[in-house]
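**Q** I have a structure here, written as structure tokens, and I will follow up with some questions on it.
The values are calculated or read from the model by the stated rules, or taken from the named source; none is laboratory data. Computed from a predicted model, the values in this text were never measured in an experiment. Cβ sites come from the backbone with ideal geometry, for glycine too, and all protein chains shown count toward neighbours. Surface accessibility is based on the protein's heavy atoms, side chains included, excluding ligands, DNA and RNA. Shrake-Rupley method; radii C 1.70, N 1.55, O 1.52, S 1.80 Å.
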Amino acid sequence: MKLIVAEDDARIAAFLERGLRAEGYHVQLASTGPQALAAAQDAWGRGPDAEDALMLLDLMLPGMNGLEVCQTLRAAGVGLPILMLTALGSLEDRVTGLRTGADDYLVKPFEFEELLARIEALARRGRGLGPVRAAQLVVDDLVFDRTQMRASRNGQALTLTARELALLELLMSAPGRLFSRERILSTVWGTHEDPLTNVVDVFIRRLRAKIDDGHPRPLIHTVRGMGYRLEAPAG
């Protein structure tokens with residue numbers, strides 16, 4: 001999915017670009033209002049491909065502010081989903097943003113995990129989908145029961161701690177998807193954890209020992225320098 005990040009603060013833009021690319025998104029940066037406008041118009045002009053594009057729009061942009069960008073796009077019939085990111089968080093500011101045509105509004109500072117959740121929700125809405133939460137997750141012979149918070153492999157129950165269960169549920173929620181250490185930290189531990197800690201690697205090793213040791217088909221895979229994924233072996 002393509003994300004147009006319209007943000008004039010170079011530090012924030014770099015943070016968003018790094019984090020979103022780690023999540024597998026294609027990121028295009030725009031540092032001014034006119035650049036944001038042109039990028040959104042270009043993405044919308046790609047027809048069916050526009051369904052896989054979304055804009056993160058800061059309000060305080062040089063050349064043309066975010067409200068003007070949003071208003072101009074909507075007046076031109078551009079229906080690209082827009083998530084406004086701004087430090088202006090009063091009720092009046094939020095209402096104005098939404099009435100101008102934004103699909104959602106997130107106030108800075110925000111948690112990165114919440115940003116990801118809102119992006120995913122807008123993407124589902126754009127495709128006419130609703131959130132789906134299966135009661136049971138299955139990958140190969142590994143089964144996770146969300147109602148009982150229990151897991152088993154090849155019919156044998158696994159003894160997992162609450163944190164290990166949370167980590168396993170995250171990995172199994174999207175088989176084959178690469179999860180960055182930052183995403184795992186944010187989801188399983190919360191953003192209060194030091195991003196330089198090796199707690200993710202430690203718990204992955206523990207989980208791998210309980211799930212993969214003794215089985216001919218390993219399910220947890222490391223992508224060096226990027227993160228981890230859980231998927232069934234090919235064939």
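**Q** Pick from region 20-30 the residues that are under 13 Å from Glu182 (Cβ atoms) and in contact with a strand residue (DSSP E or B) (Cβ under 8 Å, 6 or more places away or on another chain): which of them is least open to solvent (accessible area, probe 1.4 Å)?
**A** That would be Leu20.
**Q** Open to solvent by 50 Å² or more (accessible area, probe 1.4 Å), basic (Lys, Arg), outside any strand (DSSP E or B) and at pLDDT below 90: does that describe Arg205? Show your work before the answer.
**A** Details: open to solvent by 50 Å² or more (accessible area, probe 1.4 Å): yes; basic (Lys, Arg): yes; outside any strand (DSSP E or B): yes; at pLDDT below 90: no.
Considered against the rule, which asks whether it is open to solvent by 50 Å² or more (accessible area, probe 1.4 Å), basic (Lys, Arg), outside any strand (DSSP E or B) and at pLDDT below 90, Arg205 comes out as no.
**Q** Quick check on this structure: which one of Arg181, Arg229, Arg177, Arg146 is open to solvent by 20 Å² or more (accessible area, probe 1.4 Å) and at pLDDT 90 or above?
**A** Just one listed residue meets the conditions, Arg229.
**Q** Considering only residues of region 109-132 that are at pLDDT 85 or above and among the charged types (D, E, K, R), which is most open to solvent (accessible area, probe 1.4 Å)?
**A** Glu111
**Q** When you scan region 184-202, how many residues do you find that are in a loop (DSSP other than H, G, I, E, B) and either open to solvent by 80 Å² or more (accessible area, probe 1.4 Å) or at pLDDT 90 or above (or both)?
**A** 5
**Q** Within the bounds of region 100-115, is there any residue that is among the β-branched types (Val, Ile, Thr) and without any contact (Cβ under 8 Å) to a residue 12 or more places away in the chain?
**A** Checking region 100-115: not a single residue is among the β-branched types (Val, Ile, Thr) and without any contact (Cβ under 8 Å) to a residue 12 or more places away in the chain.
**Q** Only one of these conditions is not met by Leu165: (1) in contact with a strand residue (DSSP E or B) (Cβ under 8 Å, 6 or more places away or on another chain); (2) under 28 Å from Glu68 (Cα atoms); (3) not small (Gly, Ala, Ser). Which number is it?
**A** Going through the list (1) in contact with a strand residue (DSSP E or B) (Cβ under 8 Å, 6 or more places away or on another chain); (2) under 28 Å from Glu68 (Cα atoms); (3) not small (Gly, Ala, Ser), Leu165 breaks only (2).
**Q** Let me ask something additional. Residues of region 99-108 being open to solvent by 50 Å² or more (accessible area, probe 1.4 Å) and assigned to a helix (DSSP H, G or I), which ones?
**A** Hit for region 99-108 is Arg99, nothing else.
**Q** In region 68-84, what residues are open to solvent by 10 Å² or more (accessible area, probe 1.4 Å), under 18 Å from Arg118 (Cβ atoms) and at pLDDT 90 or above?
**A** Pro81
**Q** Report every pair of residues separated by at least 6 positions or lying on different chains whose Cβ atoms are under 7 Å apart, first residue within region 82-98 and within 16 Å of Asn65 (Cβ to Cβ) and part of a loop (DSSP other than H, G, I, E, B), second at pLDDT 75 or above and among the charged types (D, E, K, R).
**A** Cβ pairs passing all conditions: Ala87/Lys108.
**Q** Now for a different question. Just one of the numbered conditions (1) at pLDDT below 95; (2) buried (at least 20 other Cβ atoms within 10 Å of the Cβ) is not true of Ala6; which one?
**A** That leaves (1) as the condition not met.
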